[in-house]
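The structure under discussion appears below in the form of C-alpha cells.
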Amino acid sequence: MIRLAVGMFSVCAFFASTPAFAAGSFVPPNGCALDLTVQMRGCQMANVYHCETDPEGERWISYADSKGEYFLSRIDYETRWLESISLIGGEIDRLDEAASKDHSSFSTLLAQGRDAYDFVTQSNFGQTRRQIGADWLVDEHRTVDGITLQRCDFRLETRDTAGNLIARRKGVQYIDPVRRIFYSGPEHYSTPDGTQFDTDNTPVAFATEGDAGFGATKPTYGCDLMMTGLRPEDLQ
C-alpha cells in the first residue's frame with residue numbers, strides 16, 4: 001500500500017465529509033482536487049488528492065478494493081503517516097509528534113539512500129503503537145505509464161508501549177521521487193504467534209487528468225483471484 005495516521009472531531013462528522021464514491025467516478029471532498037489514480041495488484045486501487053486548506057505538500061490517499069472504498073490516509077511532504085482512517089471499523093490513528101523519536105524523512109532517503117525512523121501513533125480506540133524501521137534505496141528502476149519508480153526495500157516493527165512486538169513487516173516498496181509517494185510491492189508480514197503471510201500490491205497502472213481510468217472507483221487487476229490483497233487495517 002501507499003505510505004501512511006488537529007483537532008478532535010467525531011467519526012460520524014468525518015464520514016459525512018469523505019469523498020463521494022459513486023460508481024465510475026471518484027469525487028474528492030469540496031475544496032480538494034484529484035491528482036492521481038493508481039491500479040495495483042491484489043484487487044487494490046487508490047486515488048490521491050490534495051486539499052487547498054491543508055498545509056502545502058500534504059496529500060490524502062483513498063483506498064478501495066472490490067467492495068468499495070475502505071481506508072483513508074494522510075501524508076505530508078516527508079511522507080510521514082499523519083493520519084489514517086478505517087471507513088469500515090471507525091478507527092482513526094494519528095501521529096504523536098511529541099512522543100516520536102525519529103520521524104521518517106523522504107528528503108533524507110533521497111539524499112542519503114537510507115532513512116531510519118522511530119515514531120508513535122495514537123488511535124481513538126486507545127491504542128498506542130511504536131513504529132521502528134528503515135527504508136533503503138536499491139539501484140533498480142521501472143517505468144509504469146510514464147512514471148519512473150525506484151525500488152526501496154524496507155523493514156518495520158510495530159511494538160506496544162511496553163516494548164512487546166506486535167508485528168514485523170519487510171519487503172519491497174517503490175518510490176516516486178517526483179510526487180514523493182511510496183507504493184507497495186511484495187512484502188512479508190509476521191506476528192509473534194506464528195501468523196505470517198505475503199502480499200503484493202505493486203502498482204500496475206497510473207492515470208492522471210485526461211487519461212483513461214482517471215478517477216476510477218473499481219480495481220481492475222487480480223480481482224478474479226480467490227483472495228484479494230489485505231487491507232491496511234489488517235496490518236496494524
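Any read-out appearing in this document is the output of simple, stated calculations on the displayed coordinates, not a laboratory observation. Here the structure is a predicted model, which is why all the values come from computation and not from measurement. Please note: Cβ atoms are built from the backbone with ideal geometry, for glycine as well, and neighbour counts cover all protein chains shown.
What to note about this one:
- Two-site label geometry, residue 159 and residue 52: point separation in nm, points 7 Å out along Cα→Cβ: 4.6
- Counting 0.36 nm for each residue step from residue 96 to residue 134 and taking away their Cα separation leaves a gain of 11.8 nm.
- Exposure proxy ranking for 43, 223, based on other Cβ atoms within 10 angstrom of each Cβ and starting from the fewest, stands as 223, 43.
- Length gained when the stretch residue 110-residue 197 is fully extended (0.36 nm per residue, less Cα-Cα span): 28.3 nm
- Computed from backbone phi with θ = phi - 60° and the Karplus coefficients 6.51, -1.76 and 1.60, the 3J(HN,Hα) list for the stretch 32-40 is 10, 10, 6, 10, 7, 10, 10, 9, 10 Hz; x is used for glycine and proline.
- Check: the stretch 11-235 dipole with +1 on Lys, Arg Cβ and -1 on Asp, Glu Cβ, in debye: 320
- Cα gyration tensor shape for the stretch 11-235, rounded if a/c is under 1.5, else prolate or oblate: rounded
- Amide H contacts under 5 Å for residue 43, placed H, 5+ residues apart: 221, 222, 223, 229
- From phi via Karplus (6.51, -1.76, 1.60), per-residue ³J(HN,Hα) for the stretch 54-68 in Hz, x at Gly/Pro: 7, x, 4, x, 7, 9, 10, 10, 9, 9, 9, 10, 5, 8, x
- Label point at residue 188 placed 7 Å out along Cα→Cβ; residues across the stretch 112-154 whose backbone nitrogen lies under 13 Å: 154
- A Förster radius of 25 Å combined with the Cβ-Cβ distance from residue 220 to residue 124 puts the calculated FRET efficiency at roughly 0.15.
- Normalised by the number of residues in the stretch 84-195, the mean separation of alpha-carbon contacts (under 8 Å, six or more apart) gives a relative contact order of 16 percent.
- Span from the the stretch 145-175 Cα centroid across to the the stretch 176-196 one, whole angstrom: 4
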